[in-house]
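Everything on this sheet refers to the single structure shown next.
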Number of protein chains: 4
Amino acid sequence: MSAKGLIEDLVAANHILSQEGVVDGFGHVSVRHEKDPERFLLSRSLAPAGVRASDIMEYGMDGEPLNARGRKSYLERYIHSEIYRVRPDVVAIVHSHSPALIPFSVTGTTLRPIYHMSGFLGSTTPVFEIRDEGGPATDMLIRDRKLGAALAKSVGRAAFALMRGHGSVAVGNTLKQVVYRAIYAEVNARLQAEAMRLGTVTYLNEAEAAGASLANDAGVDRPWDLWRSKVTASVRTMTRGQNRGRLRK
Amino acid sequence: MSAKGLIEDLVAANHILSQEGVVDGFGHVSVRHEKDPERFLLSRSLAPAGVRASDIMEYGMDGEPLNARGRKSYLERYIHSEIYRVRPDVVAIVHSHSPALIPFSVTGTTLRPIYHMSGFLGSTTPVFEIRDEGGPATDMLIRDRKLGAALAKSVGRAAFALMRGHGSVAVGNTLKQVVYRAIYAEVNARLQAEAMRLGTVTYLNEAEAAGASLANDAGVDRPWDLWRSKVTASVRTMTRGQNRGRLRK
Amino acid sequence: MSAKGLIEDLVAANHILSQEGVVDGFGHVSVRHEKDPERFLLSRSLAPAGVRASDIMEYGMDGEPLNARGRKSYLERYIHSEIYRVRPDVVAIVHSHSPALIPFSVTGTTLRPIYHMSGFLGSTTPVFEIRDEGGPATDMLIRDRKLGAALAKSVGRAAFALMRGHGSVAVGNTLKQVVYRAIYAEVNARLQAEAMRLGTVTYLNEAEAAGASLANDAGVDRPWDLWRSKVTASVRTMTRGQNRGRLRK
Amino acid sequence: MSAKGLIEDLVAANHILSQEGVVDGFGHVSVRHEKDPERFLLSRSLAPAGVRASDIMEYGMDGEPLNARGRKSYLERYIHSEIYRVRPDVVAIVHSHSPALIPFSVTGTTLRPIYHMSGFLGSTTPVFEIRDEGGPATDMLIRDRKLGAALAKSVGRAAFALMRGHGSVAVGNTLKQVVYRAIYAEVNARLQAEAMRLGTVTYLNEAEAAGASLANDAGVDRPWDLWRSKVTASVRTMTRGQNRGRLRK
């Protein structure tokens, strides 16, 4: 795939995550550069629904932009850079505040795979507590490399992690996979909360989770194609409106 | 009804189930061939929202395609074939992961008819546990005839069954009826969960469930016409976008 | 207002109730004839979203159509006729299965006004149990005058009543008022269920409920105008699709 | 910013709050006049989705219109005037009945910031009880200056307050900020209720709430631009429909 194709997919990922309710005015998705693993692509600071190819910037492993040309960066770009640094297997990352996951981030309840669609959650989900590294008086944001590194450590080898009182991080080895994970982690949270109110839950066991995850990876084109087709029409209107924000930068 | 009419209705059923939130990128609906009861019609592997007449394939009672011509099949087509084999009364089948039903599949809570719209649920709803046939390490999918047969046995004479950690199956004697059942089983799950939190629930008794089911069968054209009118406009855009997936196959 | 204006408003009420999720393929709304209080207007048997002026029929106090001309009637038209018979103050009626109200109909939980928007609920909400009149083996439907009369008796002087395992009835002295009531009764149910999970609820007392109801009646044009403007665009597409159902009758 | 720009933003705020589900047929948003702090701008009595520049009126600190020209005022304009009187720091106010907040208004449950997006909630949220000032038999509405003053006193120095059995008030130092607060207070209520069902909740502490609130204020253009772009298309249709209401006034 050419760099142009990768950028197109990253733009589509932004629109899909917005359309599916994973991100709103906030949240972001990045992808590692296909030729240089020490770089990654991420939009300038903009609501994902309005991102276009010309908004995509390149970043280095220190989380700083390589071709800013006056474009403003997301404050929390260190979420991406620090995870890419310690996880060579990771090719794409989504950070969001998607709603059903927030309650799991602030209670002792472990997010676990309730059905095969969320097998990637494995047997447990880490929760990052910013107070451990940043103390009791942060503004909750991953606004420097140190906090990014602490978050990356908390994520560990997982495919998905929660951030207390803030949101979540999904990682994957392709853009399609990470978009899938961000969307179905949110669905899983909604269904798990509901199930816990009905009675004792039988979760996928480790073998089932691993098997289901593998099977879903093989079929990840199908939902991607659907999501991509859904955003085509609606995004056209949105990006026109976003010109206002574009001109203000 | 001509075969062409049946295919049109099957395409419409795909779009309706997508529009009403029963299926997303996954899930499928089939119908028994009108002339040969040993065959059934099912789309190639595609998100239901994008299915067109040219995607519909014929399958035999072994779950294998009769006219694939390079088109890829759904992995879980054995759900359909094995139920058609043992249920001559069944003319149409929906398999989905519709969200409100998942919590009922993983807890000991019996799905029961909370109102007349879901009388088809009768007095209880079977739950298929894949571990019983497939052991503790499957990927949760009905990927062969043996698992399909076990599922069909679990469904028994019911109109609706749950699959633990996976989803559900609705069967019916017409496409319109099975679409109705798939949609209102989902609604019933949502309302039953809510009602159980409010207090002790008075469900329809067996006579009421049977009577209501009969009455609804007589009026199944009305919601079908509504659903069909709702998808007309939105599907046009979707299928254009789906050309991307179409070309990739 | 001319009869033509009344019919237009009744068509709009059908579309609004559909747009706002109170009715789906099922449910209906009627209005008493402006010149002859012994007649009322109600659509032929059709999903409310597709109703047009030419679908509106006249009914007598026995629930039978006066100008059917081959058009099929709703089975449950006796809900309307029997309430109009005993409630001369009632000018418009909505029957629906709107979702949040169903759980209240099947548990012992009393629906009560949680905020000023639903003051019309007063201090309690009657629940009609069809078994009391129809015995333990009905199909849950109000399919004759006897069951309609029993329902009307259960409604009594109330503005709103639940029907166990079935749905609800809103009555009002104008179409706008009854549409308002049907919509906000549904909202109230959703919010009351949620509030009951948070703690002990302070409901409106009788004086507050009465006062708020009076205030809302005075402002009922405002939401009606909003709802009517929202349906204008979407209904156009729907009614075209409904031609299919129209031709089949 | 010119007065024209302020009016445009106020119109946009009306449409955004409607689009995001904070207001429906009811609720209103005002902004203090940019040149004369003793005046504020507020639409005539109209559903927010239909508000245009020509509907915006000026009010004095007594809550009475200065340029009515026959246009009808919102009954509850005293919510705005009395808060502006005692809070010189406040530049914009939203009053709504947004659904997730109602349950918090009628139970003893304190609304608290569950994540960084709602840091503006601080450590607690006041609840206005109209019975304290108005006695046990009001119609729940802030229909005079005395009730407005009592509400303003209850709000105190807070950014957000609940009104028992009625709704809520958000205040801010810009239109963008108050719209942000009204939207995310609603989200917070939904997530907090959900979290409380999962287990003991770790809320933002005071320092985190203050820090997050500051950070969000700096980024308030981003969601505003997104929301504004979303309303552009849909509002066009709505306002056409609203002409009906417009002509009736």
Based on Cβ point charges of +1 for Lys and Arg and -1 for Asp and Glu, what charge dipole magnitude is obtained for the range D:1-89 about its Cα centre, in debye rounded to the nearest 20?
280
Shielding by other protein chains, A:41-47, mean Cβ within 10 Å:
2
In peptide B:178-188, what is the residue-averaged number of other protein chain Cβ atoms found within 10 Å of each Cβ?
1
Copy-to-copy spacing for A:Ala3, label 7 Å out on the Cα-to-C-beta vector, in nm, shortest first?
5.3, 5.3, 7.5
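Rounding to the nearest 20 debye, state how big the charge dipole of the range A:92-216 is about its Cα centre with +1 on each Lys and Arg Cβ and -1 on each Asp and Glu Cβ. Spell out each step's value before the answer.
Working: 12 positive and 9 negative charges, 36 e Å.
Approximately 180 debye in magnitude.
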Could you give the angle, 0 to 90 degrees to the nearest 10, between helix D:175-198's Cα long axis and the longest principal axis of the Cα atoms of chain D?
40
Take the solvent-accessible surface of the protein heavy atoms, probe 1.4 Å, and return the percent of it on the range C:10-67 that carbon and sulfur atoms account for.
46
Where along chain B is the Cβ that lies nearest the axis linking it to chain A, and how many Å separate them?
B:Arg197, 5
Just from its helices, what would the mean residue ellipticity at 222 nm be for the protein assembly as shown, if runs of 4 or more DSSP H residues each count -39500 (n - 2.57) and the sum is divided by every residue, rounded to the nearest 500 deg cm²/dmol?
-14500 deg cm²/dmol
Accessible surface buried upon D-A contact (total; probe 1.4 Å; Å², nearest 100)
3100
Please list, by residue number, everything in the range D:169-188 whose backbone N is under 18 Å from a paramagnetic label point 7 Å out along Cα→Cβ of D:Asp221.
D:173-180
Along the charge dipole of the range C:131-176, Cβ charges K/R +1 and D/E -1, which of C:Ala158, C:Ile142, C:Thr174 sits furthest on the positive end?
C:Thr174
Could you give the size of the charge dipole of the protein assembly as shown about its Cα centre, using +1 on the Cβ of each K and R and -1 on the Cβ of each D and E, expressed in debye and rounded to the nearest 20?
2800
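Where Lys and Arg each count +1 and Asp and Glu each count -1, what net charge lies around D:Met196 among other residues with Cβ under 14 Å from its Cβ? Show your work: numbers first, answer last.
Working: positive: A:Arg197, B:Arg197, C:Arg197, D:Arg112, D:Arg190, D:Arg197; negative: C:Glu194, D:Glu194.
That sum, taken over residues with Cβ under 14 Å, equals +4.
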Summarise the partner chain shielding of C:151-158 as one whole number: the mean count of Cβ atoms from other chains within 10 Å of each residue's Cβ.
0
For the range A:1-78 and the range D:101-159, what is the centre-to-centre distance using only Cα atoms, to the nearest Å?
41
For the range C:109-178, accessible area per residue (1.4 Å probe, heavy atoms of protein chains only), Å²:
33
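For a 19 Å ceiling on Cα separation, which of these pairs sit above it: B:Lys4/B:Lys230; A:Lys4/B:Lys72; A:Lys230/D:Lys230; A:Lys72/A:Lys153? Each step should come with its number before you reach the end.
Numbers: B:Lys4/B:Lys230 22 Å; A:Lys4/B:Lys72 29 Å; A:Lys230/D:Lys230 16 Å; A:Lys72/A:Lys153 27 Å.
Where the Cα-Cα span goes over 19 Å, the pairs concerned are B:Lys4/B:Lys230; A:Lys4/B:Lys72; A:Lys72/A:Lys153.
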Sorted shortest first, the nm distances from the C:Gly108 label point (7 Å along Cα→Cβ) to its counterparts in the other copies are 2.4, 2.4, 3.4
Against the longest principal axis of chain A, how steep is helix A:3-19, in degrees 0 to 90 to the nearest 10, with axes from Cα atoms?
60
If R0 = 35 Å, then B:Thr124 and B:Asp36, at their Cβ-Cβ distance, give a FRET efficiency to the nearest 0.05 of 0.55
Round to the nearest 10 and give me the degree value, 0 to 90, for the angle of helix C:206-218's Cα axis relative to the longest principal axis of chain C.
30
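The values are calculated or read from the model by the stated rules, or taken from the named source; none is laboratory data. What you see is a predicted model, and the numbers here were worked out from it, not measured in a lab. Because the Cβ atoms are built from the backbone with ideal geometry, glycine has one as well, and the counts that use them run over all protein chains shown. Surface areas here come from the heavy atoms of the whole protein model, side chains and all, with no ligands, DNA or RNA. Shrake-Rupley method; radii C 1.70, N 1.55, O 1.52, S 1.80 Å.
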